[in-house]
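As structure tokens, the structure follows; a few thoughts come after it.
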Amino acid sequence: MKTITVPAKRNGSHIDPVNPVEIPENAKLFILIATPETVEDQDEDFRVDWYALSTRGLSRAYGDQEPDYSDAMIKEPNSEYGKR
């Protein structure tokens, strides 16, 4: 079973996805509600969520199938690189 994570927010008495999402007819939905136990936990939960999101993005961008590039493969060096 393929699963996706859909960020959503509570809007009054219903839940709205942050971005539009197509849900197939008769799809099974599992709703997980994450709430911080204390005010201090709110910041920690936020950091953990962003860390997980960035980790997934980086793993897609730099996966095991990503080739290694050596300096010898550079055809035209960028003379502006590192001058800031």
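Values in this text are rule-based calculations from the coordinates and carry no lab data. Model, not experiment: these values are computed from the prediction. Note that each Cβ is placed from the backbone with ideal geometry, even for glycine, and that neighbours are counted across all protein chains shown.
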Notebook entry, point to check: With each pseudo-label sitting 7 Å past Cα toward Cβ, what's the ASP49-TYR69 distance in nm, one decimal?
Noted result: 3.4
Note to self: Using the Karplus curve 6.51 cos²θ - 1.76 cosθ + 1.60 with θ = phi - 60°, what ³J(HN,Hα) values do you get for each residue of the range 9-21, in whole Hz, with x for Gly and Pro?
What the structure shows: 9, 7, 10, x, 9, 9, 10, 10, x, 5, 10, x, 9
